[in-house]
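I have placed the structure first, in the form of structure tokens, so that the comments after it can refer back to it.
The values are calculated or read from the model by the stated rules, or taken from the named source; none is laboratory data. These numbers come from a predicted model, not from an experiment. When we count neighbours, we look across all protein chains shown, and the Cβ atoms used for this are built from the backbone with ideal geometry, even at glycine.
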Amino acid sequence: MTRRKLVAGNWKMNTTRSEATALAGAVAAGVGASPGCDVAVCPPFPWLVPVAEGLKGSAVALGAQDVYSEPKGAFTGEVSPGMLLEAGCRYVIVGHSERRHVLGETDSQINHKVHAAVEAGLHVILCMGETLGERDRGLMERVFQRQVYSALAGLTDEQFGRVVIAYEPVWAIGTGRTATPEQAQEAHAFIRGKLGSLYGEKIASSLPILYGGSVTPDTAAGLFAKPDVDGGLVGGASLKADAFLSIVRTVG
Ligand code: 13P
């Protein structure tokens, strides 16, 4: 089964408006008309619309960094899946470790967000990964099992077609400490195995699993060469067009 690869840039809470549109423009120009993989950028909410305008007609897709689980109503500060679609988003990141660990998001909230997003037609980049403490205590497999089950429970086969997983070990995010290609492959293969036992082989073999956590132009090639690594979710290095493009070219 050949899985479509994806490299997505998670800009987190960075960029001014003019930096965001310039970065998106440089990425779109550098990627060209037919990159060898899917490419997306995920700017902060206020820059989605200006970045979408700049990406029109390009091969680069737009993604948001979070979404709420209800279509509308009295939810001050939240943004619905429909709003993201109307702003031009194809993707949304759900369950990023910064939302889980800094902002206290729960597995159940993440499951509701995944459902709301795929039902609306968005493609979800679902993040999961263990903390250093969990890895040291040998709890990785239990953590993956819980995260894979709780986030994706109840999706239809058709909705699974709009899900991408990003394995992001918490200890590798923003630390400069990348997982080795072997560590990434081991985790991805385990997650894929869990997908198979919970949701069936067809879903397990077709669902892309990205690696995220200190991906750089130097580490990308080794990671992306592994059979179960289907691209990357890039933080810091996605804020520089040259570095991000060089990571994209590693796949394409
Ligand atoms: P860094 O690439 O900066 O480590 O961030 C990874 C990440 O959290 C992407 O979502």
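Data table
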| item | result |
| --- | --- |
| Residue within the range 146-166 that is free of Cβ contacts under 8 Å to residues at least 24 places away in the same chain, surrounded by fewer than 22 Cβ atoms within 10 Å (Cβ to Cβ), under 19 Å from residue 107 (Cα atoms) and basic (Lys, Arg) present | no |
| Restricting the range 242-252 to residues that are surrounded by fewer than 24 Cβ atoms within 10 Å (Cβ to Cβ) and closer than 13 Å to residue 7 by Cβ, the residue that is farthest from the ligand (Cβ to nearest atom) | 252 |
| Lone unmet requirement of (1) in a loop (DSSP other than H, G, I, E, B); (2) within 10 Å of the ligand (Cβ to nearest atom) for residue 232 | (1) |
| Selection count where residues are in a loop (DSSP other than H, G, I, E, B) and either surrounded by 13 or more Cβ atoms within 10 Å (Cβ to Cβ) or small (Gly, Ala, Ser) (or both), scope the range 3-19 | 6 |
| Selected residue (only one of 79, 118, 114, 92 is in contact (Cβ under 8 Å) with a residue 24 or more places away in the chain and in a strand (DSSP E or B)) | 92 |
| In the range 51-76, the residues that are part of a loop (DSSP other than H, G, I, E, B) and closer than 16 Å to residue 93 by Cβ | 65, 66, 67, 68, 69 |
| The range 1-21 residues that are farther than 17 Å from residue 35 by Cα, paired with ones that are part of a strand (DSSP E or B) (beta carbon under 7 Å, 6 or more apart) | 10/42; 10/93; 10/233; 10/234; 11/41; 11/42 |
| Complete set of residues in the range 83-135 that are farther than 15 Å from residue 159 by Cα, more than 14 Å from the ligand (Cβ to nearest atom) and among the β-branched types (Val, Ile, Thr) | 106, 110 |
| Extreme residue, farthest from the chain's Cα centre (by Cα), among residues of the range 101-145 that are surrounded by 15 or more Cβ atoms within 10 Å (Cβ to Cβ) and among the basic types (Lys, Arg) | 135 |
| Matching residues, the range 95-105, being touching a residue at least 60 places away in the same chain (Cβ under 8 Å), out of contact with any Gly (no Cβ under 7 Å at 6 or more places or on another chain) and in a helix (DSSP H, G or I) | 98, 101 |
| The range 163-193 - residue that is more than 10 Å from the ligand (Cβ to nearest atom), aliphatic (A, V, I, L, M) and under 14 Å from the mean Cα position of the chain (by Cα) and, of those, nearest to residue 139 (Cα to Cα) | 165 |
| Every residue from the range 205-215 that is within 8 Å of the ligand (Cβ to nearest atom) and of a type in the set (Ser, Thr, Tyr) | 214 |
| Residue within the range 205-224 that is of a type outside the set (Gly, Ala, Ser), touching a Pro at 6+ places or on another chain (Cβ under 6 Å), touching a residue at least 40 places away in the same chain (Cβ under 8 Å) and closer than 25 Å to residue 160 by Cα present | yes |
| Boolean, residue 132 is in contact with a helix residue (DSSP H, G or I) (Cβ under 9 Å, 6 or more places away or on another chain), at pLDDT 95 or above and over 17 Å from residue 163 (Cβ atoms) | no |
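Here's the yes/no breakdown for (1) under 23 Å from residue 12 (Cβ atoms); (2) part of a helix (DSSP H, G or I):
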| site | (1), (2) |
| --- | --- |
| 194 | no, yes |
| 205 | no, yes |
| 214 | yes, no |
| 218 | yes, yes |
| 222 | no, yes |
| 226 | no, no |
| 244 | yes, yes |
